[in-house]
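Participant: My structure is below; once you've seen it, I'll send some questions.
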Amino acid sequence: MRRHCLAAVAALAVTAFSTACSGGAPSASDAKHSAAPSGPTTTRAPAAGAAALPYGPGPQTKYTVQTQPAAGTCHFGTENGQPLPDAKCTPGALNPKVTPSTLRATICKTGYTSTIRPPESVTGPEKSANAKSYGYTGSPHDAEYDHLVSLELGGDPDDPRNLWVEPPSPSHKPGAGPNNPKDAVESKLHTAVCSGKAQLAAAQKAIATDWPQALAKLGLD
């Protein structure tokens, strides 16, 4: 029995020495499990992660033009051709006035978003500056200055973290103006939240982190 124990200890020592000398290189089995899974083609900056979305200042009686990220510091991603914002520049930001207890008086009340939307005199200059942040050189007419978490889902109206120049989608007709699939996703999520089929926070997180898959993630597609 003692000889067997000594042999086992020696074998373990050899294994540890071999691993240390090889720099801890993974085995073929380890490499197989760590390989990137196949699936939809996605390129993007690091996602916002599991942290809760930040709150912005909320609706203002008078909006002022907000400073945008420095030119060229933000980079678009894509998911199956659909544009994604840079999570470092545009993680999303929430309207503190919108909570589960205030839904009926805010986003589920007809006309609410029109009362908190910043004027074009503010969003126009912001859009131009944000286009430089992202290095967008396409037609400004076809790009939407988009609230990542839409106003109808409780996104902050004018926090720079919640706004980005959204390029047109692949199926977009040049010159037709902003018309992106994200708008339909936002509308369906709004309906689900106001009907009680989806939780507010879950809908906000889904649209902010991966809008093309938001409905699927919440079982609403």
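The values are calculated or read from the model by the stated rules, or taken from the named source; none is laboratory data. Fair warning: this is a prediction, and the values are worked out from it, not measured in the lab. Cβ: placed from backbone, ideal geometry, glycine included. Neighbour counts: every protein chain shown. To get the accessible areas, we keep the full protein, side chains included, count just its heavy atoms, and leave off ligands, DNA and RNA. Shrake-Rupley method; radii C 1.70, N 1.55, O 1.52, S 1.80 Å.
Participant: Can you pull out the trypsin sites (Lys or Arg not before Pro) in the range 83-157 that DSSP calls coil and that have at most 15 other Cβ atoms within 10 Å?
Facilitator: Numbers: sites: 88, 97, 104, 109, 127, 132; in loops: 88, 97, 109.
Taking the range 83-157 and a limit of 15 other Cβ atoms within 10 Å, the loop trypsin sites (Lys or Arg not before Pro) found are 88, 109.
Participant: Highest mean first, how do 195-204, 64-73 rank when packing is the count of other Cβ atoms within 10 Å averaged over residues? Write down the numbers at each step before the final one.
Facilitator: Values: 195-204: 17.1, 64-73: 13.9.
Top to bottom by mean Cβ count within 10 Å: 195-204, 64-73.
Participant: Let me ask something additional. Mind giving me the FRET efficiency for residue 61 and residue 88? R0 is 30 Å, r the Cβ-Cβ distance, nearest 0.05 is fine. Can you show the working numbers first?
Facilitator: Details: r = 31 Å, r/R0 = 1.03.
Given R0 = 30 Å and the Cβ-Cβ separation, E is 0.45.
Participant: Turning to a different aspect of this structure: Got a number for carbon plus sulfur as a percent of the range 54-210's accessible area, 1.4 Å probe? Show your work: numbers first, answer last.
Facilitator: Values: 4000 of 7220 Å².
The value for the range 54-210 is 55 percent carbon and sulfur by accessible area.
Participant: Output the relative contact order of the range 112-182, whole-number percent, from Cα pairs under 8 angstrom with separation of 6+ residues. All intermediate terms of the calculation are to be shown ahead of the outcome.
Facilitator: Working: 75 pairs, mean separation 23.2, N = 71.
Relative contact order comes out at 33 percent.
Participant: Kindly flag which residue pairs out of 109/132; 97/197; 127/197; 127/173; 88/182; 109/205 have an alpha-carbon separation exceeding 25 Å in this structure. Mind showing how you got there, number by number?
Facilitator: Numbers: 109/132 36 Å; 97/197 21 Å; 127/197 34 Å; 127/173 21 Å; 88/182 20 Å; 109/205 21 Å.
109/132; 127/197, as the Cα separations exceed 25 Å there.
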